[in-house]
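The values are calculated or read from the model by the stated rules, or taken from the named source; none is laboratory data. Values in this document were obtained by computation on a predicted structure and should not be read as measured data. For neighbour counting, all protein chains shown are included, and Cβ atoms are generated from backbone atoms with ideal geometry for every residue, glycine included. Surface areas here come from the heavy atoms of the whole protein model, side chains and all, with no ligands, DNA or RNA. Shrake-Rupley method; radii C 1.70, N 1.55, O 1.52, S 1.80 Å.
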Amino acid sequence: MGTDRRQLLAALALATTPAASSAGSSPGTAPSSPRSPAQPGVPIEAFGALGDGSHDDTSAFEKAFDVVVAGTSILLAPGRSYRLTRSLRFTKPLILKGGTKEDTSLVFDRGSYATLGDQRAAILLPHLDDARTPRERGAQRSVLTGFSVHWKGGGSDALHGVLVNSPVYLAEIDVHGFPHDGFRIEAATKRLKGNANGSSFTDCSALGNGGHGFALYGDNANACVFIGARAFDNKGAGFYDASLLGNTYIAAEVDNNKGGGYTSDESLPNTSVFVGCYAEPGQLYRLNPRNIVIGPLGHTNGYCPAMVRSLPSGELFTSTGLVVARDVATAGANGKDDCFRISVRGFELMHGDGQSVRLSKLLSSDYVDLLNAGHPVMRLPARAIAGNVDVARPSFPAGFTLGASGRSGIIGSGTHPPRDGTHARGALWLNEEPDMGGFVGWTCIRSGSPGVWRPFGKIHSS
């Protein structure tokens, strides 16, 4: 017997023999943790797989998944293509490891595919809640890395590539050409129990699938992390998030997805965060108002709430969200002309024509002033002040008007009627030094500059 053959059999024997724990577990007892003690790797060829792209290797995978102990690495050979005709269901924590996603592949052909809930997929990663037999422990903490997954079976009912229902770790996995979603993460929906919270997807890609590239559904499809994930040429959205609480997307990329780039369900309290994600033209962001987009790259047309864009700045601007820029022109060049600025001057709503509405305390430490184009229009006490001025009584330095015409109202005060400016008929000007025999103020009886004013409200001595 050759050395390679002996080594293969030795690895297979160890991988299918449960390890005894330090507490003296009896033979046949599963390890207490899917990662401890770690099990050695065993080639899938040890179970009869050929990996030549034509032989049906399904039985070899099913046998391997059945007999190896939890935590074992099942190794896929570089340069091999494994043809399968049934779903691969993880019933225990396993590591399925290929070479790279460019040179190792699982090719699913027409056959019989299983479901979780009512969702059918080529690779099933169920939670313990969805176990079918007492032996099943669920796929919790399984690791899939270094291979691509292809559909070659032609037309089919809604078939996903990978269905995640348990917290798992995927890295360097590409999913190509499935009739429905490439990656579907679903847990705690009306159709399917489970808990996929905390799953991670690193350098994974969804390419040319009939549904979404990456789709998340359910109350327990949260806190997942997508790093360097890519979605190209899918018929749905590149990334579709209908999780309850949200997930994190870092340096993701979308291109040519018919349903848009990044989409989230507006009806849910989902607070997903998108950091440094890239979008090609036409790949819209359709996110709910609670999502946050930080440092987007490429095109950001569409609805992007709470967007923070990293441009050179000493102040903070917003345009269709938040745009960090050094001035209004720079902010306007990256969004609309109306921008919101936070600076030492206070809070300002800026316009492209240089006008602004500002909330500031620069004029007085005792008041907060609302200014329009630099002119104060309303003053609010900054704190309660003893006497007849309190925090609930605002001040209007420029007066105010009433009615639909905007002409009538108290427009100011002084010791005499206005001597300059243009005023409309019906305006009132209060007397700041009223006395017995005097008047409450003056009213404009004819529009003009300054208009014709007459006293009103004679003050009697008794």
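What single numbered condition from (1) at pLDDT 95 or above; (2) open to solvent by less than 50 Å² (accessible area, probe 1.4 Å) fails to hold for N291?
Condition not satisfied by N291: (1).
Pairs only if they're at least six apart or on different chains, beta carbon under 8 angstrom, first in region 169-198 and farther than 16 Å from L125 by Cα, second open to solvent by 30 Å² or more (accessible area, probe 1.4 Å) and among the polar types (S, T, N, Q); list them, first residue then second.
Partner pairs satisfying both residue conditions: E172/T100; E172/T145; E172/T202; P179/S156.
Looking at region 172-193 only, could you name the residues that are farther than 24 Å from T100 by Cα, open to solvent by less than 10 Å² (accessible area, probe 1.4 Å) and modelled with pLDDT of 95 or more?
E186, A187
Determine, yes or no, whether D203 is charged (D, E, K, R), in contact with a His (Cβ under 7 Å, 6 or more places away or on another chain) and farther than 23 Å from V67 by Cα. Explain how you work it out, then say what you get.
Details: charged (D, E, K, R): yes; in contact with a His (Cβ under 7 Å, 6 or more places away or on another chain): no; farther than 23 Å from V67 by Cα: yes.
No, not satisfied.
Specify the residue that is nearest to K92 (Cα to Cα); the eligible residues are those in region 148-171 that are assigned to a loop (DSSP other than H, G, I, E, B) and open to solvent by 50 Å² or more (accessible area, probe 1.4 Å).
First, the residues of region 148-171 that are assigned to a loop (DSSP other than H, G, I, E, B): 152-158, 165-168.
Of the ones still in play, those that are also open to solvent by 50 Å² or more (accessible area, probe 1.4 Å) are 152, 155-158.
Working: K152: 27, G155: 31, S156: 28, D157: 27, A158: 26 Å.
Per the criteria, the residue is A158.
Mind checking whether some residue in region 92-99 is within 18 Å of A196 (Cβ to Cβ), open to solvent by 10 Å² or more (accessible area, probe 1.4 Å) and of a type in the set (D, E, K, R)?
So far as region 92-99 goes, yes, one or more of its residues are within 18 Å of A196 (Cβ to Cβ), open to solvent by 10 Å² or more (accessible area, probe 1.4 Å) and of a type in the set (D, E, K, R).
Which of the strands (runs of 3 or more DSSP E) found entirely inside region 369-462 contain at least 3 residues meeting this: within 48 Å of the chain's Cα centre (by Cα) and at pLDDT below 90? Quick ask: steps written out before the conclusion?
On the way: elements: 375-381, 409-414, 427-431, 439-446, 452-458.
Qualifying strands (runs of 3 or more DSSP E): 375-381.
What pairs can you find where one residue is in region 243-266 and without any contact (Cβ under 8 Å) to a residue 24 or more places away in the chain, the other is surrounded by fewer than 23 Cβ atoms within 10 Å (Cβ to Cβ), and their Cβ atoms are less than 6 Å apart, with a gap of 6+ or different chains?
E266/N288
Tell me, please, whether a residue that is part of a helix (DSSP H, G or I), out of contact with any helix residue (DSSP H, G or I) (no Cβ under 7 Å at 6 or more places or on another chain) and open to solvent by less than 40 Å² (accessible area, probe 1.4 Å) can be found in region 118-133. Reasoning before the result, please.
As a first pass, look at region 118-133 and keep what is part of a helix (DSSP H, G or I): 128-130.
Imposing the further condition that a residue be out of contact with any helix residue (DSSP H, G or I) (no Cβ under 7 Å at 6 or more places or on another chain) reduces the set to 128-130.
Restricting the remaining residues to those that are open to solvent by less than 40 Å² (accessible area, probe 1.4 Å) gives 130.
Yes: region 118-133 contains one or more residues that are part of a helix (DSSP H, G or I), out of contact with any helix residue (DSSP H, G or I) (no Cβ under 7 Å at 6 or more places or on another chain) and open to solvent by less than 40 Å² (accessible area, probe 1.4 Å).
Going through G194, G210 one at a time, which residue ends up being touching a helix residue (DSSP H, G or I) at 6+ places or on another chain (Cβ under 7 Å) and of a type in the set (G, A, S)?
G194
Being among the polar types (S, T, N, Q) and open to solvent by 60 Å² or more (accessible area, probe 1.4 Å) is the filter here, so list the residues in region 427-451 that pass it. I'd like the intermediate steps shown before the answer.
Step one: list which residues in region 427-451 are among the polar types (S, T, N, Q), which gives 431, 443, 447, 449.
Matches in region 427-451: S447, S449.
Take L297 and tell me if it is farther than 23 Å from D255 by Cβ, open to solvent by 20 Å² or more (accessible area, probe 1.4 Å), at pLDDT 85 or above and not polar (S, T, N, Q).
Values: farther than 23 Å from D255 by Cβ: no; open to solvent by 20 Å² or more (accessible area, probe 1.4 Å): yes; at pLDDT 85 or above: yes; not polar (S, T, N, Q): yes.
No; evaluated as a whole, the condition is false for this residue.
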